[in-house]
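Colleague: Here it is, the structure, as structure tokens.
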Amino acid sequence: MLGIETSCDETGAGLVRDGVLLGEGLASSADEHARFGGVVPEVAARAHVSAVVPMVRAAVDAAGVSLSEVDAVAVTAGPGLSPALHVGVAAAKAYAAALDVPLYGVHHLAGHAAVDVLEHGPLPPRCVCLIVSGGHTSLLSLGDLAHDPVEHLGDTVDDAAGEAFDKVARLLGLPYPGGPSVSRAALDGDPAAVAFPRPMTGPRDAVFGFSFSGLKTAVARHVEAAQDAGRALPVADVAASFQMAVVDVLVRKALRACVERGADTLLMVGGVAANRVLRAEMERACADAGITLRVPAPRLCTDNGAMIAALGDLLVRGGVAPAGLATTAVPTVALSGAGVPVPPASGEAAEFPLPVTVAPGAGVPSGGAGAP
Ligand code: KG4
Ligand code: ZN
């Protein structure tokens, strides 16, 4: 199974056979976005265009196979940045058509969960899963990833955990991507220095819901207060205290979900799961509660192609039918299962506006009709 991932700023390709990672290629355009403080979709898409073929070649070479030995292709169809997703989907269609093999359009977040299979073997029949990425924070109950619907126990009502790290990094003058730079700054800080709030942990709050935008605002107020008072900002202390507030909320809610669901396994995935303090605190809490914690190695937590290949491999082995060349990018698709449903084709609307004849001197009509 060849997996292709281009939903954000990582161009990933991976080759998986029967739950075993054979090879992968990974390129990142993060450096190109650093001066903007966040991912610029068009810049990411152009980087994917140049990197996708070399990364597929790198994965195939690392696996020591030839492209003609690929039996199926899986690609992230959503969620993600629209122009970025389209590059991966177009490339995956080209490979699937040229090799005459099935094509699966898969859900990026289900890929984050599936990648753990490569490291720790098949998932148990049911587990609680905490997904903490740049765009999503959810507590889920997972069964068979290939067939069962994903049950959402709770989601964030505003910012995702990774998004909070990225925004707080900006507030503290730390470079993009924010998660690694905040956690690096936090190494020298005191996590108890600032008593930041633990959002959504009150008696009237949704037990498994999350909210990180208020926490980010609390950090912003703290930064402003220091500036107004002419005090130097203790960046390491603020970073460590913010990080501990996020970790504390994630650990408490994930553990409670396991206890309430009677789950003996917690799966923690997504970019923020690469965070060392989160891994250590979750490990400690799970050990105390007799829960098995499964977390992929940090390099498999952030976006990569192996996770998409791992999920595609589960679908093939589960006998799931591929959508084939009807696969299309769906940038805002919710997580309901492993696949991304192909939206029904519209009979009437042309994909692009029909050309409009403009009378000489009439100017360009508003609305961009006729634009490519
Ligand atoms: O899963 P991912 O690679 O991409 C998405 O699907 O969003 O997650 C990226 C997010 C970013 O917000 C990044 O700042 C965060 O994961 N992240 C971290 C760490 N490494 C990446 N957050 C905290 N600590 C880290 N070490
Ligand atoms: Zn991701």
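Colleague: Please verify whether residue 25 is within 14 Å of ligand 2 (Cβ to nearest atom) and touching a residue at least 60 places away in the same chain (Cβ under 8 Å), treating the condition exactly as stated.
Modeller: Here the answer is no, as residue 25 does not meet what is asked.
Colleague: In addition: With the requirement that a residue be more than 13 Å from ligand 1 (Cβ to nearest atom), open to solvent by less than 30 Å² (accessible area, probe 1.4 Å), out of contact with any Ser or Thr (no Cβ under 6 Å at 6 or more places or on another chain) and outside any helix (DSSP H, G or I), what does the range 264-293 give you?
Modeller: Answer for the range 264-293, where residues must be more than 13 Å from ligand 1 (Cβ to nearest atom), open to solvent by less than 30 Å² (accessible area, probe 1.4 Å), out of contact with any Ser or Thr (no Cβ under 6 Å at 6 or more places or on another chain) and outside any helix (DSSP H, G or I): 266, 267, 291, 293.
Colleague: Please go through the range 114-138 and pick out each residue that is farther than 21 Å from residue 14 by Cβ and either over 17 Å from the mean Cα position of the chain (by Cα) or away from ligand 1 (no atom under 16 Å from the Cβ) (or both).
Modeller: Within the range 114-138, 124, 125, 126, 127, 128 meet the criteria.
Colleague: Can you give me the number of residues within the range 194-232 that are outside any helix (DSSP H, G or I), among the hydrophobic types (A, V, I, L, M, F, W, C) and either closer than 19 Å to residue 163 by Cα or open to solvent by less than 50 Å² (accessible area, probe 1.4 Å) (or both)?
Modeller: Within the range 194-232, residues that are outside any helix (DSSP H, G or I), among the hydrophobic types (A, V, I, L, M, F, W, C) and either closer than 19 Å to residue 163 by Cα or open to solvent by less than 50 Å² (accessible area, probe 1.4 Å) (or both) number 6.
Colleague: Quick one: what pairs do we get from the range 57-74, first residue over 14 Å from residue 313 (Cβ atoms), second modelled with pLDDT of 95 or more and open to solvent by 40 Å² or more (accessible area, probe 1.4 Å), C-beta under 6 Å, 6+ apart or different chains?
Modeller: Correct list of pairs: 60/67.
Colleague: More than 19 Å from residue 48 (Cβ to Cβ), among the acidic types (Asp, Glu), part of a helix (DSSP H, G or I) and open to solvent by 10 Å² or more (accessible area, probe 1.4 Å), is that true of residue 71?
Modeller: In short, no.
Colleague: So in the range 87-108, with the set limited to residues that are within 16 Å of ligand 1 (Cβ to nearest atom) and open to solvent by less than 10 Å² (accessible area, probe 1.4 Å), which one is nearest to the chain's Cα centre (by Cα)?
Modeller: 107
Colleague: Taking the stated definitions as given, is residue 261 open to solvent by 20 Å² or more (accessible area, probe 1.4 Å) and under 16 Å from residue 141 (Cα atoms)?
Modeller: Against the criterion (open to solvent by 20 Å² or more (accessible area, probe 1.4 Å) and under 16 Å from residue 141 (Cα atoms)), residue 261 qualifies.
Colleague: Further question on the same structure: Going through 259, 340 one at a time, which residue ends up being closer than 28 Å to residue 20 by Cα, among the β-branched types (Val, Ile, Thr) and either assigned by TED's automatic domain parsing to the domain that holds residue 200 or at pLDDT 95 or above (or both)?
Modeller: Every option except 340 fails the conditions.
The values are calculated or read from the model by the stated rules, or taken from the named source; none is laboratory data. Note that the structure is predicted; figures quoted are calculated from it, not measured. We place every Cβ from the backbone using ideal geometry, glycine too, and count neighbours over all the protein chains shown. Protein only, heavy atoms only, side chains kept; ligands, DNA and RNA dropped before computing areas. Shrake-Rupley method; radii C 1.70, N 1.55, O 1.52, S 1.80 Å.
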